[in-house]
Amino acid sequence: RKEVEQDPGPFNVPEGATVAFNCTYSNSASQSFFWYRQDCRKEPKLLMSVYSSGNEDGRFTAQLNRASQYISLLIRDSKLSDSATYLCVVNKGQAGTALIFGKGTTLSVSS
Amino acid sequence: GAVVSQHPSWVICKSGTSVKIECRSLDFQATTMFWYRQFPKQSLMLMATSNEGSKATYEQGVEKDKFLINHASLTLSTLTVTSAHPEDSSFYICSARIPEQGILQFFGPGTRLTVL
């Protein structure tokens with residue numbers, strides 16, 4: 001089983017749509033979880049951290065289910081500028097500072 | 001957020017040459033920097049963890065003699081790809097961690113290496 005698994009997509013949605021991405025991770029000891037965004041041929045940029053209680057940042061909502069080792073990202077009212085690859089990221093082990101990246105889910109928002 | 005720079009942003013070289021990539025933290029001191037590699041349509045793969053003043057820790061499968069890492073100061077880490085071959089062509093990205101901000105990492109803009 002891969003350490004971090006994501007549906008690669010692509011997800012093709014119209015502007016204004018709501019889209020959800022899922023991610024599973026294999027190491028139950030992981031403690032830190034993030035969603036990063038990566039544009040084509042650019043470096044990843046932090047979108048948001050993911051907390052156990054779930055957290056929201058504007059149109060973006062992240063959820064964590066530790067029992068299922070499952071992370072999600074919900075994007076509401078999609079914008080053209082949301083088109084990118086979304087990377088699910090977890091830390092390596094309980095106290096590990098290294099980050100493990102999923103392959104990413106590609107989102108394409110069209111007008 | 002914190003700023004991390006990389007130089008060069010892209011490089012094309014002949015097979016057999018060595019290429020050095022620099023990673024700098026511009027507005028903070030980074031005791032730990034990380035080097036990643038990303039092939040097209042693949043995830044970022046951690047190559048090594050670089051700690052200032054000590055030897056880098058390499059991930060399984062990464063040849064330490066081929067990918068030389070030096071972290072001589074709190075603001076600079078370098079990755080040298082020795083005797084580069086076409087299969088080393090990839091997107092190399094560094095990141096740095098600010099201890100006060102936990103394990104959050106800030107990424108450099110990446111270096112695209114093409115070996116002919």
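The values are calculated or read from the model by the stated rules, or taken from the named source; none is laboratory data. These numbers come from a predicted model, not from an experiment. Please note: Cβ atoms are built from the backbone with ideal geometry, for glycine as well, and neighbour counts cover all protein chains shown. Just the protein is used for accessible areas: all its heavy atoms, side chains included, with ligands, DNA and RNA removed. Shrake-Rupley method; radii C 1.70, N 1.55, O 1.52, S 1.80 Å.
Odds and ends about this structure:
- Some residue of the stretch B:46-65 being more than 10 Å from the chain's Cα centre (by Cα), away from every other protein chain (no Cβ under 12 Å) and not in a loop (DSSP other than H, G, I, E, B): no
Yes/no per residue for (1) out of contact with any helix residue (DSSP H, G or I) (no Cβ under 6 Å at 6 or more places or on another chain); (2) within 14 Å of chain B (Cβ to nearest Cβ); (3) in contact (Cβ under 8 Å) with a residue 40 or more places away in the chain:
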site: A:SER49; (1), (2), (3): yes, yes, no
site: A:ASP57; (1), (2), (3): yes, no, no
site: A:PHE60; (1), (2), (3): yes, no, no
site: A:GLN69; (1), (2), (3): yes, no, yes
site: A:SER72; (1), (2), (3): yes, no, yes
site: A:LEU80; (1), (2), (3): yes, no, yes
site: A:TYR86; (1), (2), (3): yes, yes, yes
site: A:VAL90; (1), (2), (3): yes, yes, yes
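- Scanning the stretch B:1-43 for residues that are touching a strand residue (DSSP E or B) at 6+ places or on another chain (Cβ under 7 Å) and over 22 Å from B:THR82 (Cβ atoms) yields B:GLY1, B:ALA2, B:VAL4, B:SER5, B:SER25, B:LEU26, B:ALA30, B:THR31, B:THR32, B:SER43.
- Looking only at residues of the stretch A:97-108 that are open to solvent by 10 Å² or more (accessible area, probe 1.4 Å) and more than 23 Å from B:TRP35 (Cα to Cα), we find that the one that is nearest to the other protein chains (Cβ to nearest Cβ) is A:THR106.
- Taken as a whole, the condition of being among the polar types (S, T, N, Q) and in contact with an Asp or Glu (Cβ under 8 Å, 6 or more places away or on another chain) does not apply to B:THR57.
- Residues of the stretch A:8-30 that turn out to be surrounded by 15 or more Cβ atoms within 10 Å (Cβ to Cβ) and either of a type outside the set (Val, Ile, Thr) or touching a helix residue (DSSP H, G or I) at 6+ places or on another chain (Cβ under 8 Å) (or both), as a count: 8
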